[in-house]
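*Asks:* Okay, handing you the structure first.
The values are calculated or read from the model by the stated rules, or taken from the named source; none is laboratory data. A quick note: this is a predicted structure, and the numbers were derived from the prediction, not measured. Note that each Cβ is placed from the backbone with ideal geometry, even for glycine, and that neighbours are counted across all protein chains shown. These area figures cover heavy atoms from the full protein model, side chains too; ligands, DNA and RNA do not enter into them. Shrake-Rupley method; radii C 1.70, N 1.55, O 1.52, S 1.80 Å.
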Amino acid sequence: MIDVLTHEAPLRLTVFLGMLALMIGAEAVFPRKTRTQPRRTRWATNAALVVVDTLALRLALPLLAVAAAVIAEDRGWGIFNVLAAPAWLEWIAAFLLLDLALWAQHVATHRVPALWALHKVHHADRDLDATSGLRFHPVEIVLSMIYKIAVVAALGAPAEVVVLFEIALNAAAIFNHANVRLPKAVDAALRTLIVTPDFHRVHHSTRPEETNSNYGFFLSVWDRLFRVYRAEPAGGHDAMRLGLAEHQTDQPSQLLWCLIAPITTSKRGREAAVQ
C-alpha cells in the first residue's frame, strides 16, 4: 500500500494531470455543449489563476490542511483524536464530514455578499469545461484554505484522509466541470453517489433558481438531503446559458478582469446568488 503522506506531492500531481488530460480528451470526442468562445484565451486565464492561487497560498499561509492534520494529531486536538473509534470508521466519518463542510462553505459563498463577490469569478466562466474547475479568485482560495485548516483541526481528521480527500476533490472538480456528454444511464448511476458534469452544470446556469442548487463538488448526497437538488435545467442542457447574466461578454476570460472583478463589478452580480 502506498504511503500517501510520503508520496503526497507526486500523487497529487499524477492524479491532477491525469484527470485533466483525460477530461480534455473526452471533451474533444464527446462534447456536451457548443463553445461560445475560443479556448486559447480562456485556458490561458484559467491556468494563470492556478499559478496565482498557488503563490497566494504559499505567501499567505505558513501551513496547509495536511500539515494542520499532522499537528492536530501530535497535540491531540479534534474530535477523532479524543474519541476511541476503529480506524476504518474514523476514515469514513472524516471523509464524509470534510465533504459536508466544503458543501456548506460553497453554500455560504453564494449567500454571503462579500464571499459571493469573490466566488462570482468562478461563475463568470461562460464556457464550462475541465479548466473551469481550477478557476478561483486567489483571495477565495486563501480563505477556503483557512476554513479547511480550521475544520481539519476541529475534527482531528487523520492526515492520510485529508490527503485522499484533497486528491479526490481536485479530481472531482475537473471531472464535474468537464464539457462531456455521458450516456444517460451512466450519468444516472454515477449521480446517485457523486457529482457528474450534467449534475453540476445546472449550478452554473444564469438562472438564479438553478445557480442556487446542486452545490456539491464530490458527493451528491448533500444536495438531496438539504433539498437543493435539481435534476435538469429548465430549458435543457443544450439551451441553457452559462455564466452570469450580467457578464455575457469576453471580459471574464481576461486575467485582469478576474483579479479585480470583486472590487470593480456591479453589485448586481450578487442577484444570481441571493435571489
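*Asks:* Looking only at segment 152-201, how many residues end up being assigned to a loop (DSSP other than H, G, I, E, B) and open to solvent by 40 Å² or more (accessible area, probe 1.4 Å)? Working first, answer last.
*Replies:* First, pick out the residues of segment 152-201 that are assigned to a loop (DSSP other than H, G, I, E, B): 156-158, 178-179, 181-183, 191-193, 195-196.
Next, from what is left, pick out any that are open to solvent by 40 Å² or more (accessible area, probe 1.4 Å): 181-183, 192-193.
Count: 5.
*Asks:* Answer yes if at least one residue in segment 92-109 is farther than 22 Å from Met145 by Cβ, more than 17 Å from the chain's Cα centre (by Cα), open to solvent by 70 Å² or more (accessible area, probe 1.4 Å) and at pLDDT 95 or above, and no otherwise.
*Replies:* Yes, segment 92-109 contains a residue that is farther than 22 Å from Met145 by Cβ, more than 17 Å from the chain's Cα centre (by Cα), open to solvent by 70 Å² or more (accessible area, probe 1.4 Å) and at pLDDT 95 or above.
*Asks:* For the subset of segment 74-84 comprising residues that are in a loop (DSSP other than H, G, I, E, B) and open to solvent by less than 40 Å² (accessible area, probe 1.4 Å), which member is modelled with the lowest pLDDT?
*Replies:* Residue satisfying both the conditions and the ranking: Gly76.
*Asks:* Suppose we filter Thr41, Thr54, Thr45, Thr14 for residues that are open to solvent by less than 60 Å² (accessible area, probe 1.4 Å), assigned to a helix (DSSP H, G or I) and polar (S, T, N, Q); which single one remains? Let's see the steps before the verdict.
*Replies:* Working: Thr41 fails: open to solvent by less than 60 Å² (accessible area, probe 1.4 Å); Thr54 fails: open to solvent by less than 60 Å² (accessible area, probe 1.4 Å); Thr14 fails: open to solvent by less than 60 Å² (accessible area, probe 1.4 Å).
Residue meeting the stated conditions: Thr45.
Residue by residue, here is whether (1) within 28 Å of Asp238 (Cα to Cα); (2) assigned to a loop (DSSP other than H, G, I, E, B); (3) among the aromatic types (Phe, Trp, Tyr) holds:
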residue: Ala72; (1), (2), (3): no, no, no
residue: Trp91; (1), (2), (3): no, no, yes
residue: Gln105; (1), (2), (3): no, no, no
residue: Phe136; (1), (2), (3): yes, yes, yes
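*Asks:* Counting just the residues of segment 130-186 that are without any contact (Cβ under 8 Å) to a residue 12 or more places away in the chain and not basic (Lys, Arg), which one comes out nearest to Ala84 (Cα to Cα)?
*Replies:* If we filter segment 130-186 for residues that are without any contact (Cβ under 8 Å) to a residue 12 or more places away in the chain, which is where we start, we get 150, 183-186.
Among the residues that remain, those that are also not basic (Lys, Arg) are: 150, 183, 185-186.
Numbers: Ala150: 21, Pro183: 44, Ala185: 42, Val186: 39 Å.
Applying the filter and picking the extreme gives Ala150.
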